[in-house]
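Engineer: The structure that follows is given in the form of structure tokens.
The values are calculated or read from the model by the stated rules, or taken from the named source; none is laboratory data. Every value quoted in this text rests on a predicted model; they were computed, and no experiment measured them. Cβ coordinates were reconstructed from backbone atoms using ideal geometry, including for glycine residues, and neighbour counts include every protein chain displayed. These accessible areas exclude ligands, DNA and RNA; they are computed on the full protein's heavy atoms, side chains included. Shrake-Rupley method; radii C 1.70, N 1.55, O 1.52, S 1.80 Å.
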Amino acid sequence: MTPSPIDPQLAALQSRIDAAVLGPGVEEHGTVSAIADGLATVTGLPGAQLNEVVLFDNGARGFVLTLEEDRLHVAFIDPMDGIAAGARVTRSGELASVPVGPALLGRVLDPLGRPLDGLPAPPCDEHLPAERPAPAIIDRDFVSEPVATGLLVVDALFAIGRGQRELIIGERQTGKTSIAVDALIAQAGGDVISVYVAIGQRMSSVRRVIEAVRARGALARTLFVVAEATAQPGLQWLAPFAATSMAEWFRDRGQHVLIVYDDLTRHAATHRELALLSHQPPGREAYPGDIFYLHARLLERAAKLSAARGGGSLTALPIAEIESGNLSAYIPTNLISIADGQIVTSEVLFAANQRPAVDIGLSVSRVGGKAQWGALKAVAGRLRLDYAQYLEMKMFARFGGFGDEAMKGRMVRGERIAALLAQDRFAPLPVVVQIALLAALDAGVLDAVEPARLPALKAALPARVEAEPRLQALRAQPDALDAATRALLVELVQQALQ
Ligand SMILES: Nc1ncnc2c1ncn2[C@@H]1O[C@H](COP(=O)(O)OP(=O)(O)O)[C@@H](O)[C@H]1O
Ligand SMILES: [Mg+2]
């Protein structure tokens, strides 16, 4: 007899029937003993696990946030209307999980993968738990390849490597989000997938980010995971973990992902709120004792995987907000110590119109130098020192002029560096253009050029660099810079200045 097409399905069904354990089943029920903003205290359900999804009798869902000996705390992921003390709760047996797969790209989703962009749910066959262990040491490789942000101040001074965790930290309205969004936009047309996670923001702010990414043609390879300020605290809490699982699906298939968490200060506040509601003992600044572990285990998931594990990477740009320049507050110090460096934005620089307002004295990238492109490194070597000296001299210059010619020369050079590092939003500079600008600076070509002319130079240069056939090798692989190519770059800059 020839097997009909439904035979395999029948066989599969039969094997499931054979494997089924028949007999009495146990279903656990619990009871809501107290309810607060976004959080229920539940008694019963002795078998429930951390992060397990539970169902309330009106169909609403929550997940187990904390377990205590005789009760547990459940954070809502659906609206909690109509649920009161005494309501029945059932276990689902499943951990909070997210849909994963290529269908996520180009979408705006909530932390559970539900669409927020008016399109149908993304067609995904697979799911992953929102909380997953970080890759083991043995599965990791050194961070050695760069991620371009298109921002000269970052790529030249604080290069970020694939698999690195670089914190963006500063007061509100100092351009933190803009730096991260520029980094996402710079990935358009490249091999890096972007994920932007909005935690506790107003929808109007998130929409501006989405529009900026869409307008610059980077939407197709970007995923937005949004838990806005009015979303359930449980959803806001889950957002960075859930989005990381979505990103890891790509990482674990050898792809490269850049994820922005905007921002973890809000996430910490949500964690504190939920912890206080569940009567966990408050510690420093009223945060519960596990707040460090919370963000450490999240950011540990950023990694460069070994060749044996496919060689993919997840690079994380967490954002943190500080008040009145206080980098030593509790959450900022935690995040600084977890990350592999920080880009610090400054209110003073922002007010003085230096944008991006990156404080180069306080910023650092602890692994970036090893990951920087060789050709960029070759021209960026003295940049930081020259710029720092200029900033220092500028302070003193207020008390009287410098007579010394060498000093004057340094001031002239410093002014050009400041003008080069200033960059409008949404105008990422290709790496080779960055190299050309710094090579020209180093050769002294820019010293005679008014700083006010440098923005026009930056706008004109990309087309010339792109059109130059002799730069093809450098464009493909900016690993090293020979003398001839360096001279050619300087020449291109000179031509662009004419
Ligand atoms: N490089 C830049 N060039 C021009 N304007 C900028 C730049 N970076 C930020 N801004 C402006 O500053 C405002 C605040 O930036 P944003 O990135 O939202 O700050 P934060 O995330 O720190 O609150 C934005 O509305 C934007 O108009
Ligand atoms: Mg912001």
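Engineer: Per residue of region 251-257, what does 6.51 cos²θ - 1.76 cosθ + 1.60 with θ = phi - 60° give for ³J(HN,Hα)? Whole Hz please, x for Gly and Pro, Karplus curve as stated.
Structural biologist: Values per residue, Gly and Pro as x: 3, 6, 10, x, 9, 10, 10 Hz.
Engineer: Would you kindly derive the ³J(HN,Hα) couplings of region 31-42 from the backbone phi angles with the Karplus curve 6.51 cos²θ - 1.76 cosθ + 1.60 (θ = phi - 60°), listing them in order in whole Hz, with x for Gly and Pro?
Structural biologist: 10, 6, 9, 7, 9, 9, 3, x, 9, 10, 9, 10
Engineer: Continuing with the same structure: Please give the calculated 222 nm ellipticity per residue for the chain, where each DSSP H segment of at least 4 residues contributes -39500 (n - 2.57) and the sum is spread over every residue; nearest 500 deg cm²/dmol? The partial results should precede the final answer.
Structural biologist: Working: 16 runs with 181 residues, N = 498.
Result for the chain, helices only: -11000 deg cm²/dmol.
Engineer: If you don't mind, there's one more thing I want to ask. I need the shape label for region 29-94. Rule: rounded when a/c is under 1.5, else prolate if a/b > b/c, else oblate, with a, b, c from the alpha carbon gyration tensor. Could you put the intermediate results ahead of the total?
Structural biologist: Numbers: a/c = 1.42, a/b = 1.26, b/c = 1.13.
Rounded.
Engineer: Tell me, what ³J(HN,Hα) does each residue in region 118-132 have, in order and in whole Hz, if you take phi through Karplus 6.51 cos²θ - 1.76 cosθ + 1.60 with θ = phi - 60° and put x for Gly and Pro?
Structural biologist: x, 9, x, 4, x, x, 10, 8, 10, 10, 10, x, 5, 9, 10
Engineer: What is the magnitude of the charge dipole of region 98-372 about its Cα centre, with +1 placed on the Cβ of each Lys and Arg, -1 on the Cβ of each Asp and Glu, and no other charges, expressed in debye to the nearest 20? Mind showing how you got there, number by number?
Structural biologist: Details: 26 positive and 28 negative charges, 58 e Å.
Its charge dipole is roughly 280 debye.
Engineer: In the chain, what percentage of the DSSP-assigned beta bridges are antiparallel, given to the nearest 5? Could you put the intermediate results ahead of the total?
Structural biologist: Values: 40 of 69 bridges.
Antiparallel: roughly 60 percent of the beta bridges in the chain.
Engineer: Using a 1.4 angstrom probe, figure out how much accessible area the chain has per residue, in square angstrom, rounded to the nearest whole.
Structural biologist: Heavy-atom SASA per residue in the chain reads 45 Å².
Engineer: Would you work out what percent of the accessible area of region 351-498, with all protein chains in place, is carbon or sulfur (probe 1.4 Å)? If you can, show how the numbers build up before the last one.
Structural biologist: Values: 4210 of 7720 Å².
Carbon with sulfur: 55 percent of the solvent-accessible area.
Engineer: What longest region of the chain stays clear of trypsin sites (Lys or Arg not before Pro) that DSSP places outside H, G, I, E and B and that have at most 14 other Cβ atoms within 10 Å? Can you show the working numbers first?
Structural biologist: Details: sites that count: Arg172, Arg202, Arg253, Arg382, Arg398.
Answer - 1-171.
Engineer: Among the lysines, select those whose C-alpha is under 27 Å from the C-alpha of Lys304, and discard any that sit fewer than 8 residues away in the same chain.
Structural biologist: Lys176, Lys370, Lys377
Engineer: Sequence-distant or interchain residues sharing an amide H contact under 5 Å with Ala316, placed H: which?
Structural biologist: For Ala316, whose amide H was placed from the backbone, the distant partners under 5 Å are Gly163, Gln164, Arg165, Glu166, Ile259.
Engineer: Now, a different point. Rounded, prolate or oblate: which fits region 278-435, taking a ≥ b ≥ c as square roots of the Cα gyration tensor eigenvalues, rounded meaning a/c under 1.5, else prolate when a/b beats b/c?
Structural biologist: Oblate, because a/c is 1.5 or more while a/b does not exceed b/c.
Engineer: Name the long-range amide H neighbours of Ser97: under 5 Å, sequence gap of 5 or more, or other chain; modelled H, no Pro or chain starts.
Structural biologist: The answer is Ala130.
Engineer: Using a 1.4 Å probe on the protein heavy atoms, what percent of the accessible area of region 29-94 belongs to carbon and sulfur?
Structural biologist: That share works out to 47 percent.
Engineer: Take the alpha carbon gyration tensor of region 241-370, find the square roots of its eigenvalues, order them as a ≥ b ≥ c, and report rounded if a/c is under 1.5; if not, report prolate when a/b exceeds b/c, else oblate.
Structural biologist: oblate
Engineer: Ok, one more. Report relative contact order for the chain in percent, whole number only (criteria: Cα-Cα under 8 Å, sequence separation at least 6). Can you show the working numbers first?
Structural biologist: Values: 966 pairs, mean separation 77.1, N = 498.
Relative contact order of the chain: 15 percent.
Engineer: Same structure again: Taking H placed 1.01 Å from N in the peptide plane, check which residues at least 5 places from Leu223 or on another chain put their amide H under 5 Å from its amide H.
Structural biologist: Gly106, Ser194, Val195, Tyr196
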